[in-house]
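Taken together, the values in this text are just the output of simple stated rules run on the coordinates, not laboratory data. Fair warning: this is a prediction, and the values are worked out from it, not measured in the lab. Glycine gets a Cβ as well: all are built from the backbone with ideal geometry, and neighbour counts include every protein chain shown.
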């Protein structure tokens, strides 16, 4: 059996009513006076409420730029991003986005508990200690609430980072390669744990990753991007049962999807152009 | 057999210091650099009676107090200026130019004006603060500018106000740089205080240096100057320890 992508046309999407609606988003960076980089070219896709969408692509395909635009950290040159009908700036102002980066961005002078509490303090919402204790328990760090990040392993730091991202119960969770700096064993263990976490939360999530296996294991849908300019190359629905434990990830169906996504990713890399265009 | 290699570093330091002091003693005794360069043993003579020790001790206490106050005021002023510049971006450049211009005015030019405005008692503190604020300001400003990117982004996504992000992220991240600025400013604060005392302060190491000079009491002049150096170096050493602690706590 050979799996075909559900859609290969850039910009095409057929997922009904989107909670997150990315339409026609383009972004150009100027490298110098004569050269511009078209980082994103008319990206359009939707994310349904409660859906976990993973974006994979060759490095430099603009996937992090895409996340930064949805997070309101960058503005698109063209197109729009709507989250529940509102702009990223509105959601930011109302403290309704959650984010975790590859660089865990924990503050070294704060304990684990205070790092998880940081979103409360940054947004001026009274700290809910019970919620922090509950989240620390969910990510298996109850015994480390009073430790400082320096005393934790890389995997534990990323768990703190995830707990911090969800502490304010965001309507959209944005994860930019959160496990990218971890070794394979830790990464797989975290992927298994995070699944049950997401299953209990049901938070709409956009996950940027460069690991196809991680994308297929965690996501409801995988978007493959091609680079230069950044655009959608293909999309795959992942119709595998949950929880996706070892039995599922060792199954033929799982491996076939991984293979198909990998092949599509290779195509995307081959289809990626040279980065530069003449500036105006 | 012990195979661990000995660390000769501190040994070299002690040896180098002793060699320099010995050279000083020999040159001073030989008199090749004239009477104004006395031997160390002659300078030690300036401390040999209780009255002389009390005189030097009182002068040191006065200058150290002025320098400490100057450093504190300089630090608070820098903190205020840099924080305002950070929170109100439109003022940043103006504050920067203002601070640099003040710093560029020779301290000696302020002296006579300060005697009239602040009085001879306060002039050492003011000159000390003027000498101290600039390195602190520059260090704190770049500490804020080069705060790690990811926590900054996190604050932006969470919709933190500039003030909240400053209090929770940017300022704590800049504390090591701030202490570094304090450390660099400490010797300047001591020199500023001593200089301020030249403009008519009632006592202090600066006063002692001037009066020793006028009365040709060369060993006492050197004794006072060496106390200035000792004061600067102790402040620098203490602040270096604070800096090491701050670096461990606030930096990855």
Just checking the output field for B:142-155: average partner chain Cβ neighbours within 10 Å of each residue's Cβ? 4
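Return the calculated 222 nm mean residue ellipticity for chain A, to the nearest 500 deg cm²/dmol, obtained by summing -39500 (n - 2.57) across DSSP H runs with n ≥ 4 and dividing by the residue count. It would help to have the intermediate numbers written out before the result.
On the way: 9 runs with 98 residues, N = 280.
Helix contribution divided over all residues of chain A: -10500 deg cm²/dmol.
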With R₀ set to 60 angstrom, the calculated FRET efficiency between the beta-carbons of residue A:77 and residue B:117, to the nearest 0.05, is 0.60
Need the full-extension length gain, residue B:80 to residue B:19, defined as separation in residues times 0.36 nm minus the C-alpha distance. One decimal, nm. 17.4 nm
Acute angle (nearest 10 degrees) that the helix B:205-214 long axis makes with the longest principal axis of chain B, alpha-carbon atoms: 30
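Okay, helix-only estimate at 222 nm for chain B: each DSSP H run of n ≥ 4 adds -39500 (n - 2.57), divide by all residues, round to 500 deg cm²/dmol; what do you get? Don't skip to the end; give the middle numbers.
On the way: 11 runs with 198 residues, N = 252.
Calculated mean residue ellipticity at 222 nm is -26500 deg cm²/dmol.
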Placing each pseudo-label 7 Å from Cα in the direction of the beta carbon, residue A:263 and residue A:196 end up separated by a distance in nanometres of 3.5
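Return the percentage of antiparallel bridges among DSSP beta bridges fully within chain A, rounded to the nearest 5 %. Before the final figure, lay out each step's value.
On the way: 24 of 43 bridges.
Of all bridge pairs located within chain A, approximately 55 percent are antiparallel.
Residues of B:117-129, mean number of Cβ from any other protein chain within 10 Å of their own Cβ, rounded to a whole number?
Taking the mean over all residues of the peptide, I get 0.
Shape verdict for the protein assembly as shown, please, from the Cα gyration tensor: rounded (a/c under 1.5), prolate (a/b greater than b/c) or oblate. List each step's numbers first, then the result.
Details: a/c = 2.91, a/b = 2.45, b/c = 1.19.
Prolate, because a/c is 1.5 or more and a/b exceeds b/c.
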Rounded to the nearest 10 degrees, the helix B:171-197 long axis (Cα) sits at an angle to the longest Cα principal axis of chain B of 30
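If you take the beta carbon distance between residue A:253 and residue A:181 as r and set R0 to 30 Å, what does 1/(1 + (r/R0)^6) give as a FRET efficiency, to the nearest 0.05? The partial results should precede the final answer.
On the way: r = 30 Å, r/R0 = 1.00.
Taking R0 as 30 Å, the efficiency between residue A:253 and residue A:181 is 0.50.
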Give the angle, between 0 and 90 degrees and rounded to the nearest 10, that separates the Cα long axis of helix A:129-138 from the longest principal axis of the Cα atoms of chain A. 60
